[in-house]
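The next block holds one structure in the form of structure tokens; read it before the comments.
The values are calculated or read from the model by the stated rules, or taken from the named source; none is laboratory data. All of these numbers come straight from a predicted model, not from anything done at the bench. Cβ placement follows ideal geometry from the backbone for every residue including glycine, while neighbour counts extend to all protein chains displayed. Note: areas computed on protein heavy atoms with side chains; ligands, DNA, RNA excluded. Shrake-Rupley method; radii C 1.70, N 1.55, O 1.52, S 1.80 Å.
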Amino acid sequence: MAVKLFSKEELQKCTTEEEVNAYFDSLGIKEDDYETKIDALTKACNSKAIKYFGNISLEKKYNDILVMFLDEEVRMYRGF
């Protein structure tokens, strides 16, 4: 069984939450694997790390990063 590898360029083309979810599904990333999703979105934002202050859940971190990732100005910075 072939495993599809993460491509930040492919993820950067996503402009909606549905497209992001479909991309993660195509890679076989589980819905609740927030650590992997956070890592992928962070790389797709051309960042080494996104820092958080306070103790919040991985799901909340993921949702916050997803909102930032899909923001129109951030997309323009990425060239999409």
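I need a count of the residues in the range 12-37 that are β-branched (Val, Ile, Thr) and open to solvent by less than 20 Å² (accessible area, probe 1.4 Å).
1
Based on this model, can you work out whether VAL74 counts as touching a Cys at 6+ places or on another chain (Cβ under 6 Å) and surrounded by 11 or more Cβ atoms within 10 Å (Cβ to Cβ)?
no
Out of the residues in the range 38-59 that are more than 22 Å from LEU27 (Cα to Cα) and open to solvent by 80 Å² or more (accessible area, probe 1.4 Å), state the one that is modelled with the lowest pLDDT.
Here the answer is PHE53.
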